[in-house]
Amino acid sequence: MLQLLHIENIAVIEEADITFDGGFNALTGETGAGKSIVIDAMGAVLGQRTSRDLIRTGANKAFVSAVFTGVPPLAALSECGLAPEEGELLLQREIYADGKNACRISGRPVTVAQLRRIGNSLLNIHGQHDGQQLLDEEQHGAYLDSYGRVEGYLETYAACFEAMEATRRKLKSLQMDEAEKERRLDSLNFQIDELERAELKPGEEEALLQRRNLLRNSEKFMSAIQGALWNLSGGDEGGGAVSALQEAGGALAGARGLDGQFAQLQERLEGLYSEAYDVAETLRDLEESFEFSPRELDDLESRADLLYRLKKKYGPTVEDMLEYLEQCRKELDQITFAADTAARLEKELEKERKQVIKAAGLLSGARKAAAKELELRIQDELRQLDMPRVRFAICFGEKEPDASGVDVVRFLMSANVGEELRPINKVASGGELARIMLALKNVLAENETIGTLVFDEVDTGVSGRAAQKVAAKLAQVSRRKQVLCVTHLPQLAAMADTHFSVEKGERDGRTFTRVLRLDREQRKRELARLTGGEHLTAAMLAGAEELLDEAEAYRKGI
C-alpha cells in the first residue's frame, strides 16, 4: 500500500507530507483547493506523463517521492534488477524546468518508462473522466480481455496472424501487371549487365586511388629518390655520405686498440654506415621498380571515372554496389519465377489462414466464457450500487481478422424495466456511467496484484441513496485493497477510515495548499461544510455526527 507521499513544488503545493493508512482514505476540500493536484503528484511519481507546467511558479524543479509497503515480488521490478527491501519500495521523481526528469527506485536510477511499468503494478488511478472510456466501444474488448486473462490465447493468435500477414505481404509484392513486370525486368537486366561488366572487386578503389596518386606525382617522386641517392652514393666518380662514413670508420681503425673510446666511436660509425647503405639500397629498389607509362595513368583515370559514375547510381562504395548487384539478381529471380513462388505462397497463406481461424476460435471461446462470468459479476456489483433494475450484457459481433482477433465486443445495458438492451453510450447517464465504471474497476482489481486503488471524484453525477451505496462499496473494497478517494460527497467522506482535508490559503503574497489529517471533531465540521456550506448550524453538525456514527457502525459490520 501507499504509506507516505512527499510533494515539493507541485503547482500550489510548496511542500506536503501525507501519511496514508490502510483501508479507506478520503480527501475533501473546496473546489480549486488542490485535491486533484495530489492525484497529479501520485501520477508523476508513478511515471505517468506530466508537464513542466506542473512546477510551482518560481521553482527550478518539482520533487515527488512515495513509500510503498507490503510490496510483493513483481515481474516489472525483476526486469530492472530490483526487489523490495522487506516489502518496502521508495519511488522518486524530479521534474526540471527544462523538461528533464530524474527517476529513482530505492535509490537506483531508472528511466521514466521503467518507473511507469513498476508504478502500474503498485497503484491504479481512476480519474474523474475515466467513466467516459465506457462510451468508447474500442475499450470494451480490452476490459473483457483484462478480466478473462486471455493473454495466452491472444499471444498465440497474434503470432498466427502476423505470420499470415507476412506471407500476404510477400504475395502482394509479387503481384504486378505485365507492362510493369516487363519494365522492371528491363531495368534489372540493364543494371545487372552494367555492374557485371564493371567487374567490381572489393577494396579495389582504395588501391586504384593510391596508385593513381603515385603516378600523378611520379616526377616529384623520382626527383626525390634520385636526389637522395646522389647525396648518399655520389655520382660516377663515387663520393656521397655512404663512402664518407666508410672512410671515417677506416680512419679510426688504427686507433681502435689504443683507447676504448676510439673503439666505441668506430662502432657508432659502422652503425651509421650500415643504416645509410640500407637506405640507399632501398631507394635503388624503388627507382628500379618505379616503372610506369602514360598509358597506365590513362587506364587508371578511366577506371576511377567509371567507379565514380557507378557510385552515383548504385552506392557510395564498391562493397555497396556489389550488395546492390546481389539484390538485383535476387529480385530478377523472384520476378522470373514469380508464378512458382506465388503458387507456393498461396498454399502457405491458406494453411496460415486456417491456423488463424483456429486460434481465433479458441480466443473467442475464452472471451465468451469470460463474458458470461463478467456479466454476472457486474450485475451483482450494480445491485450493490443501487442499480437493481439495470441489466448489463456483453454482445459479440464478427469482423475481419486483425491483430486483436475477430471479435467485436460491446457492452449493452437497459436502464429501466421493459426497455431493450442498447449500447451504453446511447442510454447511460453520467451517474450510471460512474457506477458501472466503479463496478468494473472493482471486479478487475480482484484479479490484479495492485494493492492501492485511487478514485478521483468517482462520485460525479451521484447523490442521495446512490451516493450511500457507492460509499458502502468503496468501504467493502477497502477491506481487500487500500482505497484513496477524492470526493465532494459527505456520505463517502464519512465512510472513510482516515480523512484528509485539502485547504488553500495565502502567505507572504503567495498561494499555498496544505493537507491536514482530521480528527473526529474536525471531520464532523468538514462533513457539515460538505452538506450545507460554510455557515454551520447545530442541526448540520448533528447530521454530520449521525453520518459518522452510521458509517462507523457499517464498517464494523463488514
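The values are calculated or read from the model by the stated rules, or taken from the named source; none is laboratory data. Small disclaimer: the values here were computed from a predicted structure and weren't measured. Glycine gets a Cβ as well: all are built from the backbone with ideal geometry, and neighbour counts include every protein chain shown. Areas reflect the complete protein model, heavy atoms only, side chains present, ligands, DNA and RNA absent. Shrake-Rupley method; radii C 1.70, N 1.55, O 1.52, S 1.80 Å.
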**Asked** How big is region 70-123 in terms of Cα radius of gyration and Dmax, in angstroms?
**Response** 11.3, 36
**Fill in**
Sorted list, accessible surface of protein heavy atoms, 1.4 Å probe, largest first, for Met387, Met1 is Met1, Met387
**Message:** Sort Lys504, Lys556 by heavy-atom solvent-accessible area, probe 1.4 angstrom, most to least.
**Reply:** Lys556, Lys504
**Asked** Which distance in nm do the two modelled labels at Glu506 and Thr282 give, with both placed 7 Å along the Cα-to-Cβ direction?
**Response** 8.9 nm
**Stretch gain in nm, segment Arg104-Asp299, where the contour uses 0.36 nm per residue and the Cα spacing is subtracted** = 63.6 nm
**Prompt:** How large are Rg and Dmax for region 1-137 when only the alpha carbon atoms are used, in Å?
**Reply:** 15.2, 44
**Asked** region 77-124: which trypsin sites (Lys or Arg not before Pro) are DSSP loop and have at most 10 other beta-carbon atoms within 10 angstrom?
**Response** Lys100
**Fill in**
Per DSSP, the loop-located GluC sites (Glu not before Pro) within region 76-176 having at most 13 other beta carbons within 10 Å are Glu86
**Asked** Out of region 428-536, which GluC sites (Glu not before Pro) are coil in DSSP terms and have no more than 14 other C-beta atoms within 10 Å?
**Response** Glu448, Glu534
**Prompt:** Can you put His535, His488 in order of accessible area, largest first, using a 1.4 Å probe?
**Reply:** His535, His488
**Asked** For the chain, what log10 I(q)/I(0) values come out of the Debye formula at q = 0.06, 0.11 1/Å, with one point per alpha carbon and no solvent?
**Response** -0.60, -1.08
**Fill in**
Cα-based Rg then Dmax for region 438-510, in Å, read 14.4, 49
**Prompt:** What whole-number value in cubic angstrom gives the convex hull volume per residue for the C-alpha atoms of region 146-234?
**Reply:** 266 Å³
**Fill in**
Eigenvalues of the alpha-carbon gyration tensor of region 378-424, times 5 and square-rooted, give semi-axes in Å, largest first, of 27, 12, 5
**Asked** In the P(r) worked out for region 506-551, what percent of Cα pairs fall beyond 16 Å?
**Response** 46 percent
**Message:** Could you tell me the center-to-center distance, by alpha carbons, between region 226-282 and region 3-34 in angstrom?
**Reply:** 94 Å
**Asked** Considering every pair of different Cα atoms, what Kirkwood radius, in Å, is found for region 316-366?
**Response** 14.0 Å
**Item:** Viscosity 1.567 mPa s, 4 °C: Kirkwood-radius Stokes-Einstein D of region 291-393 over Cα pairs, µm²/s
**Value:** 61 µm²/s
**Complete:** The long-range amide H neighbours of Phe20, using H built 1.01 Å from N in the peptide plane and a cut-off of under 5 Å, are Leu4, Leu5
**Message:** Taking all protein chains in place and a 1.4 Å probe, what share, in percent, of the accessible surface of the chain do carbon and sulfur account for?
**Reply:** 49 percent
**Fill in**
Expressed per residue, the solvent accessible area of the chain in Å² (1.4 Å probe) is about 54 Å²
**Message:** Give me the tail of P(r) for region 226-382 as a percent: Cα-Cα pairs with distance above 26 Å.
**Reply:** 72 percent
**Message:** What are the ³J(HN,Hα) couplings of region 143-152, residue after residue, when phi is run through the Karplus curve with 6.51, -1.76, 1.60 and θ = phi - 60°? Round to Hz, x for glycine and proline.
**Reply:** 4, 5, 4, 5, 6, x, 6, 9, 3, x
**Message:** Please give the Cα centre distance for region 98-129 versus region 37-80, rounded to the nearest Å.
**Reply:** 5 Å
**Request:** Starting from the Cα-Cα distance between Leu171 and Ala263, subtract it from 0.36 nm times their residue separation and give me the gain in nm to one decimal.
**Result:** 24.3 nm
**Request:** Could you size up the charge dipole of the chain around its Cα centre, putting +1 on the beta carbon of Lys and Arg and -1 on that of Asp and Glu, and report it in debye to the nearest 20?
**Result:** 3500 debye
**Prompt:** When the chain is fully extended, how far beyond the present Cα-Cα distance does Thr156 get from Asn231, taking 0.36 nm per residue of separation?
**Reply:** 18.7 nm
**Request:** Take region 337-378, compute every pairwise Cα distance, and split them into 5 Å bins from 0; I just need the percent in each bin.
**Result:** 6, 20, 14, 12, 10, 9, 8, 7, 5, 4, 3, 1
**the chain, helix-only ellipticity at 222 nm - DSSP H runs n ≥ 4, -39,500 (n - 2.57), divided by all residues, nearest 500** = -18500 deg cm²/dmol
**Where Rh is the Kirkwood radius over Cα pairs, Rg/Rh for region 349-507** = 1.09
**Fill in**
Kirkwood calc, region 46-203, C-alpha pairs only, radius in angstrom 21.8 Å
**Message:** Just to verify a number: what accessible area does Lys426 come out at with the full protein assembly present, 1.4 Å probe, Å² rounded to tens?
**Reply:** 140 Å²
